[in-house]
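Here's the structure, in structure tokens; my notes come after.
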Amino acid sequence: MDFTYLETLSDGYNREQILSDLILAYRNEVWDYALSLTRSPHMADDIAQDVFLAVYEKLHTFRGEASIKTWLLRITRNISFNRRKSSFVRRVLLMKDLPENGSNSPSAEIEAMDNLFSSEAWRLVLQLPVKQREVMVLHAHHSLSHEEIASLLRLPVGTVKSRLHHARIKLAKSYEGGQEHDGI
């Protein structure tokens, strides 16, 4: 979908329809990015919901300085980091996950996370330090350019390239180390 029209919205636009279109186009990317930052499908669910609520309230602030995708991912990042900093979340994350209402069937989100983790490469990516994991996920999974990642993270392009380079080196070493252990 093309959302360039958002740069020139007038007062009479239909926020509900625009939000519906944005959710349809970007819900998976927002959820995947939130998952990569938090490693929790439950938090990713909450964060994705909060992102689209924030977008609904702040749609008029979109100026088109970045792509709509970059704007949404920046909001996702900010909400994820704010959520991780809250003392409530830190206390809750210390508790073990309790079974929900005796349900034995996994939710769609848990199945999606299992699929993501089942891939050895993504398992290794999710073990990277946050700064390297973040640029790797934005580059490899969300297909953002170095410039878009720099804009989203508010970093120099050189820093993005450096983090991506170091992430790739760590991934290569982790992958080689895993291959050696598998053969023994």
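The values are calculated or read from the model by the stated rules, or taken from the named source; none is laboratory data. Keep in mind that what you see is a predicted model, and the values were worked out from it rather than measured. Here the Cβ is made from the backbone with ideal geometry for all residues, glycine too, and neighbour counts use every protein chain on show. To get the accessible areas, we keep the full protein, side chains included, count just its heavy atoms, and leave off ligands, DNA and RNA. Shrake-Rupley method; radii C 1.70, N 1.55, O 1.52, S 1.80 Å.
Within the range 130-146, the set of residues being surrounded by fewer than 20 Cβ atoms within 10 Å (Cβ to Cβ) and assigned to a loop (DSSP other than H, G, I, E, B) comprises HIS142, SER143, SER145. Out of LEU59, LEU73, LEU98, LEU37, one residue alone is modelled with pLDDT under 85 and open to solvent by less than 70 Å² (accessible area, probe 1.4 Å). It is LEU59.
When the range 147-156 is filtered for residues that are open to solvent by less than 50 Å² (accessible area, probe 1.4 Å), in a helix (DSSP H, G or I) and not small (Gly, Ala, Ser), the ones remaining, listed by number, are ILE149, LEU152, LEU153. In this structure, GLU109 does satisfy being under 21 Å from TYR33 (Cα atoms), modelled with pLDDT under 75 and in contact with a Pro (Cβ under 7 Å, 6 or more places away or on another chain).
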